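The values are calculated or read from the model by the stated rules, or taken from the named source; none is laboratory data. Just so we're clear, the structure is a prediction, and the values are computed from it rather than from any experiment. Glycine gets a Cβ as well: all are built from the backbone with ideal geometry, and neighbour counts include every protein chain shown.
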Amino acid sequence: MLPIGDQTMEVIEYALNALELRSQTTANNVANAEVPGFRASRVSFEDQLRRAIDGGRMERASGPEIHGTGDVADLTGNNVNLEEEVVEMMKTNLLQQSMVEAFNFKSGLLRSAIRGQ
């Protein structure tokens, strides 16, 4: 966690780390779209993050969960759906951008406070 004891910054850090894992997992799914028997995975973290925020205790937030998609496989046993993966990549990218903007905004507030503005 960040040295600044600020829950907002901790939430942003947690979300960025989880989104990075989601991005890597989606890229792995795409890379294996033609591999017979490959089973796609997803990363979920929003419920864990929500519970930690509601409880006011980020240090108790469990890590992101990686699980299978449960999608139907093709004749080769592969269940990667490239359209879904592209949508997942776009959503993840937008969320990452939002978290970076939130981090930059919060950092700006802290800089202003330190300067006494």
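Pick out the one residue from Leu95, Leu109 that is assigned to a helix (DSSP H, G or I), touching a Leu at 6+ places or on another chain (Cβ under 9 Å) and not β-branched (Val, Ile, Thr).
Values: Leu109 fails: touching a Leu at 6+ places or on another chain (Cβ under 9 Å).
On inspection, the qualifying residue turns out to be Leu95.
Run down Ala33, Ala27 and say which single residue is small (Gly, Ala, Ser), modelled with pLDDT of 95 or more and assigned to a loop (DSSP other than H, G, I, E, B).
Ala33
Hey, could you check region 36-53 for residues that are exposed (fewer than 14 other Cβ atoms within 10 Å of the Cβ) and among the charged types (D, E, K, R) and say which is modelled with the highest pLDDT?
Only one residue tops the list, namely Glu46.
From the list Gly68, Gly77, Gly37, Gly63, which one is in contact with a Pro (Cβ under 7 Å, 6 or more places away or on another chain), of a type outside the set (Val, Ile, Thr) and over 24 Å from Phe105 (Cα atoms)? Before the answer, list the steps.
Details: Gly68 fails: in contact with a Pro (Cβ under 7 Å, 6 or more places away or on another chain); Gly37 fails: in contact with a Pro (Cβ under 7 Å, 6 or more places away or on another chain); Gly63 fails: in contact with a Pro (Cβ under 7 Å, 6 or more places away or on another chain).
The match here is Gly77.
Only one of (1) at pLDDT 95 or above; (2) surrounded by fewer than 16 Cβ atoms within 10 Å (Cβ to Cβ); (3) among the hydrophobic types (A, V, I, L, M, F, W, C); (4) assigned to a loop (DSSP other than H, G, I, E, B) is not met by Val80, so which one is it?
In the conditions (1) at pLDDT 95 or above; (2) surrounded by fewer than 16 Cβ atoms within 10 Å (Cβ to Cβ); (3) among the hydrophobic types (A, V, I, L, M, F, W, C); (4) assigned to a loop (DSSP other than H, G, I, E, B), Val80 misses (2) alone.
Hey, any hits in region 54-65 for a residue that's surrounded by 12 or more Cβ atoms within 10 Å (Cβ to Cβ) and either modelled with pLDDT of 90 or more or polar (S, T, N, Q) (or both)?
Yes: region 54-65 contains one or more residues that are surrounded by 12 or more Cβ atoms within 10 Å (Cβ to Cβ) and either modelled with pLDDT of 90 or more or polar (S, T, N, Q) (or both).
Quick check, is Asp6 within 21 Å of Gln97 (Cα to Cα), surrounded by fewer than 17 Cβ atoms within 10 Å (Cβ to Cβ) and either free of Cβ contacts under 8 Å to residues at least 24 places away in the same chain or out of contact with any strand residue (DSSP E or B) (no Cβ under 9 Å at 6 or more places or on another chain) (or both)?
yes
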